[in-house]
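The values are calculated or read from the model by the stated rules, or taken from the named source; none is laboratory data. Worth saying up front: this structure is predicted, and the values here are computed from it rather than measured. No Cβ is skipped: glycine too gets one built from the backbone with ideal geometry, and neighbour counts run over all protein chains shown. Quick note on the areas: whole protein, heavy atoms, side chains included, nothing else; ligands and nucleic acids left out. Shrake-Rupley method; radii C 1.70, N 1.55, O 1.52, S 1.80 Å.
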Amino acid sequence: MKIAVVGAGAMGCLYGGLLSDVGNQVFLVDVWQEHVDVINQKGLSISGVSGDRRITSIRATTSAMDVGICDLVIIFVKSTATRLAVQHAQPLIGADTLVLTLQNGLGNAEVISESVGEDKVIAGVTAHGSTLLGPGAVRHAGQGPTVIGSLVPRKDNRLEKICTAFQQAGLETVVDDNVMGLIWGKLMANIGINALTAITGLQNGELLQYAETEELLEKAVQEAREVARVKGITIKEEDPVAYVKSVCRKTAENRSSMLQDITRGSRTEIDVINGAIVAEGLRLGVETPVNRVLTLLVRTIEKKPAVQ
Ligand code: NAD
C-alpha cells in the first residue's frame with residue numbers, strides 16, 4: 001500500500017515507521033527540515049515498547065508534490081494545524097485515496113471533510129503513546145488498540161484493507177462504525193487529564209492523589225458527558241469518570257501531551273478539547289463552568305512569556 005503520513009512527529013513516525021517496516025511504501029511529509037534530512041540520511045529510529053529498530057526503507061520530504069497520489073493519507077499534525085496540513089496534502093489525494101485522522105480532540109474529521117469530501121475520510125482513535133526524542137527519533141511509550149471507521153457507509157472494502165495493513169504492522173486494529181462515539185469516548189480522557197496536568201504540572205496518576213484535582217477531573221468529565229448526551233452521541237464508556245480515572249492509573253507516570261506542550265512553550269490542543277466542550281455546551285444550552293475555567297487558564301499559560 002502507498003501511504004503518506006502528513007505530520008511526522010511522535011505519532012506520525014510511529015505509525016509510518018511500523019507500516020514501512022512490513023513493506024508498505026511510506027512517505028513522511030513534515031515541515032521540519034532537519035527531521036526530514038536525518039530520516040533520509042540515517043533512517044528513522046523507533047525505540048521503546050515495540051522494540052528498538054532503525055527503519056531505512058522510509059522516505060521523508062517537506063513537499064507533498066514529491067510523493068504523488070497515495071492509497072492512504074494519515075493526518076497526524078496537532079489539531080491546531082489540521083486545516084493547513086490538509087491543504088499541503090492535496091497533491092497526495094486522488095479519486096481513490098482515503099484520508100485517516102487519529103488525532104485527539106473534536107473537529108478534525110470535519111475540517112478534513114470540508115477539504116476532501118466526507119466520503120474520503122476515515123477517523124478513529126488510538127491508544128498508542130509516542131514521544132519525539134529529537135530529529136529522526138521517537139520512543140514508543142505505550143501500546144493499545146486502534147479503532148477506525150468511515151464517516152459515511154461504504155460499499156467497498158478499503159477500510160478493511162487498511163485494517164489488515166495496520167494489523168500486519170503490529171498495530172492491533174478494529175473497525176467500528178460509531179466514529180463520533182469513539183472520538184467522544186477518547187475525548188473524555190483528554191478532557192479529564194490534559195488541562196489539569198498542564199495547569200498543575202502533575203503526572204497523570206497524581207491527579208488522583210489530591211482531592212481537589214480529583215474533584216475537578218470528575219466535574220469536567222461530567223460536563224462533557226452531559227454535552228455528549230444532549231448532542232445525541234453514544235459513547236461506549238458507561239461511566240466516563242471511572243474510565244478516565246482508570247486511564248490515570250494506567251498511565252500514572254505519564255506527563256500528558258498538553259503538559260509537554262506547555263513545558264516546551266508550544267501551542268496546546270485546548271481549543272479542540274475542553275474549549276470544544278465549552279463551545280458545544282453554549283450551542284446546546286449545557287452549562288460547562290469547569291471546562292470554561294480550565295480552558296481560560298490554559299490559554300493564559302500559553303500566552304504568558306516564558307520565565308528566563
Ligand atoms: P507532534 O507535535 O509530535 O507532531 C506533529 C508534527 O506535525 C510535527 O513534526 C510538526 O513539525 C508537523 N507539522 C506541523 N504543521 C505541519 C504541516 N502544516 N504540514 C506537515 N507537518 C506539519 O504531535 P503528536 O504527539 O504526534 O500528536 C499528533 C496528534 O496525535 C495530536 O492530535 C495528538 O493529540 C494525537 N495523539 C498523540 C499521542 C502521543 O502519544 N503523542 C497519542 C494519541 C494521540
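Binning at 20 Å from 0, report for the chain what percent of all alpha-carbon pair distances ends up in each bin.
In order of increasing distance, the bins hold 34, 59, 7 percent.
Using only C-alpha positions, report the orientation-averaged shadow area of the convex hull of the range 54-101, nm², one decimal.
That works out to 4.0 nm².
Given the rule -39500 (n - 2.57) for each run of at least 4 DSSP H residues, summed and divided by the residues of the chain, what is its mean residue ellipticity at 222 nm, to the nearest 500 deg cm²/dmol?
Helices in the chain give a 222 nm mean residue ellipticity of -14000 deg cm²/dmol.
Give me the Debye-computed log₁₀ of I(q)/I(0) at q = 0.21, 0.26 Å⁻¹ for the range 1-91, equal point scatterers on Cα only, no solvent, two decimals.
Values, matching the q order: -0.97, -1.44.
Under the definition of Cα pairs under 8 Å and six or more residues apart, what whole-number percent is the relative contact order of the chain?
14 percent
Determine which lysines satisfy two conditions relative to Lys120: a Cα distance under 23 Å, and not lying fewer than 8 residues away in the same chain.
Output for Lys120: Lys2, Lys78, Lys155, Lys161, Lys186.
Enter the accessible area per residue of the chain (Å², integer; probe 1.4 Å; all protein chains in place).
The answer is 45 Å² per residue.
For the range 28-41, what does the Karplus curve 6.51 cos²θ - 1.76 cosθ + 1.60, with θ = phi - 60°, yield as ³J(HN,Hα) per residue in whole Hz, taken in order and with x for Gly and Pro?
Calculated HN-Hα couplings, in order: 9, 10, 8, 7, 8, 4, 4, 4, 4, 5, 4, 4, 5, 7 Hz.
Which three semi-axes in whole Å describe the equivalent ellipsoid of the range 129-192, each the square root of 5 times a Cα gyration tensor eigenvalue, listed largest first?
Output for the range 129-192: semi-axes of 25, 18, 9 Å.
Any idea what log10 I(q)/I(0) is at q = 0.13, 0.17 Å⁻¹ for the range 208-301, Debye with uniform C-alpha scatterers and no solvent?
With no solvent term, the Cα-only Debye profile gives -0.48, -0.83.
Leaving ligands, DNA and RNA out of it, report the carbon-plus-sulfur percent of the accessible area of the range 116-236 at a 1.4 Å probe.
Carbon with sulfur: 49 percent of the solvent-accessible area.
Looking only at the range 95-159, where both bridge partners belong to it, what percent of the DSSP beta bridges are antiparallel (to the nearest 5)?
Looking only at bridges with both residues in the range 95-159, the antiparallel portion is about 75 percent.
Thinking of the range 42-160 as a set of Cα atoms, what percent of all their pairs are more than 17 Å apart?
62 percent
Tell me the Kirkwood hydrodynamic radius of the range 157-238 in angstroms, computed as one over the mean inverse distance between distinct C-alpha pairs.
14.8 Å
How big is the antiparallel share of DSSP beta bridges in the chain, given as a percent to the nearest 5?
Looking only at bridges with both residues in the chain, the antiparallel portion is about 35 percent.
For the range 190-199, take each phi angle, set θ = phi - 60°, evaluate the Karplus expression 6.51 cos²θ - 1.76 cosθ + 1.60, and give the result in whole Hz per residue in order, putting x for glycine and proline.
In residue order, the calculated couplings are 5, 4, x, 9, 5, 5, 5, 6, 5, 6 Hz.
For the range 266-308, place one equal point scatterer on every Cα, skip the solvent, and apply the Debye formula. What is log10 of I(q)/I(0) at q = 0.30 Å⁻¹?
-1.01
Could you tally the net charge around Ala127, taking each other residue with its Cβ under 11 Å from the Cβ of Ala127, Lys/Arg +1 and Asp/Glu -1?
My count for the surroundings of Ala127 gives +1.
Cross-link candidates for Lys303: which aspartates and glutamates have Cα within less than 13 Å, leaving aside residues fewer than 8 places away along the same chain?
Cα-Cα hits under 13 Å: Asp261.
Ignoring ligands, DNA and RNA, what percent of the accessible area of the range 1-93 is carbon or sulfur (1.4 Å)?
Carbon-and-sulfur percentage of accessible area, whole number: 50.
To make sure I understand the rule: partners must be aspartates and glutamates, Cα under 15 Å from the Cα of Lys245, and not fewer than 8 residues away in the same chain. Which ones qualify?
Glu206, Glu212, Glu214, Glu215, Glu218, Glu237, Glu253
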